[in-house]
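Structure first, then comments.
The values are calculated or read from the model by the stated rules, or taken from the named source; none is laboratory data. Note that the structure is a prediction, hence the values are computed from the model and not measured. Positions of Cβ are generated from backbone atoms using ideal geometry, with glycine treated the same way; all protein chains shown enter the neighbour counts.
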Amino acid sequence: MHVALVGTGQMGSAVEQVALDRGHEIGARYHSERPFAAAGPAALEDIDVAVDFSLPALALDHIQRYCEWGLPAVIGTTGWYDELERVERLVDDHGASLLYAPNFSVGIAVVRRALEGVLPLLDQLGDYDPFVREMHHTNKVDSPSGTAQMLGGLLVEGLERKDHVETETQHQRIDSSAVHVTSTRAGTIYGEHTVGFDGPYDQITVGHRAKTRRGFAAGAVRAAEWLDGRQGLFRLDDMLADWRAG
């Protein structure tokens, strides 16, 4: 495949190396000095797929261009999910091909599947109070991470006693119906996520710690390969379900 990298920071660089290792070619690179917003469809005629790890403020504009230009795209940029309905309409209107995920780590996907499996039981165990804790490097632009928000949302969906995610510092007693999601930014931490259930006698935790960015990059490149020939709006879970069915 000929891949366009939209965002060539740390994640973009990792995607480039994995893509080259898997026999693909980098046909275009877009970054702050060469913004994707200044590109035209003619510049992308030979591109098979875009992999976007840019900035939240740019995501919707980029997505609109991918849809209008018929360019399949893998979106690793987060911070735009409150506009998901708008994106769904864009994909439908243009017959576009888009796959997005807050985290392209296959390990995180396994954590999600594990939680979906145990939440029905924990829903019956009201003494266990859930929480999400995440840590990332100091250059990360969003807080909490998209992955932490996804995990918090999963807890809200699976537990009747919880009805919203709370991401802010609590200066009073927290609402008992809230799932508290906390963030730490320090050093060069690639990404750590812990989902916990604190009970009166013990604590249950499910966690994931990334050791290198290549894990996220590998997931994004494999998603780009899987997207080839498909039409619609997909999540990483769709790819994993297809693998499992196969």
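So the values come out like this:
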quantity	calculated
Residue that is surrounded by the fewest Cβ atoms within 10 Å (Cβ to Cβ), among those in the stretch 64-89 that are in contact (Cβ under 8 Å) with a residue 24 or more places away in the chain and of a type in the set (Lys, Arg)	Arg86
Filter pass, Tyr201 being in the same structural domain as Arg133 (by TED's automatic domain parsing) and modelled with pLDDT under 95	no
Residue in the stretch 60-69 that is among the hydroxyl-bearing types (Ser, Thr, Tyr), touching a strand residue (DSSP E or B) at 6+ places or on another chain (Cβ under 7 Å), outside the structural domain of Gly196 (by TED's automatic domain parsing) and not in a helix (DSSP H, G or I) present	no
Residues (modelled with pLDDT under 95 and crowded, with 18+ Cβ neighbours inside 10 Å) located in the stretch 90-117	Ala101, Pro102, Asn103, Phe104, Ser105, Ile108, Ala109, Val111, Arg112
Complete set of residues in the stretch 187-246 that are more than 17 Å from the chain's Cα centre (by Cα) and within 20 Å of Val87 (Cβ to Cβ)	Arg230, Gln231, Gly232
Close pairs (7 angstrom Cβ cut-off, 6 or more residues apart or separate chains): closer than 23 Å to Gly219 by Cα in the stretch 40-63, at pLDDT below 95 and among the aliphatic types (A, V, I, L, M) anywhere	Phe53/Met11; Leu55/Val141; Pro56/Val141
The stretch 2-36, residues that are among the aliphatic types (A, V, I, L, M) and surrounded by 14 or more Cβ atoms within 10 Å (Cβ to Cβ)	Val3, Ala4, Leu5, Val6, Met11, Ala14, Val15, Val18, Ala19, Ile26, Ala28
When residues of the stretch 163-207 are limited to those that are in contact with a helix residue (DSSP H, G or I) (Cβ under 7 Å, 6 or more places away or on another chain) and among the β-branched types (Val, Ile, Thr), the one surrounded by the fewest Cβ atoms within 10 Å (Cβ to Cβ)	Val206
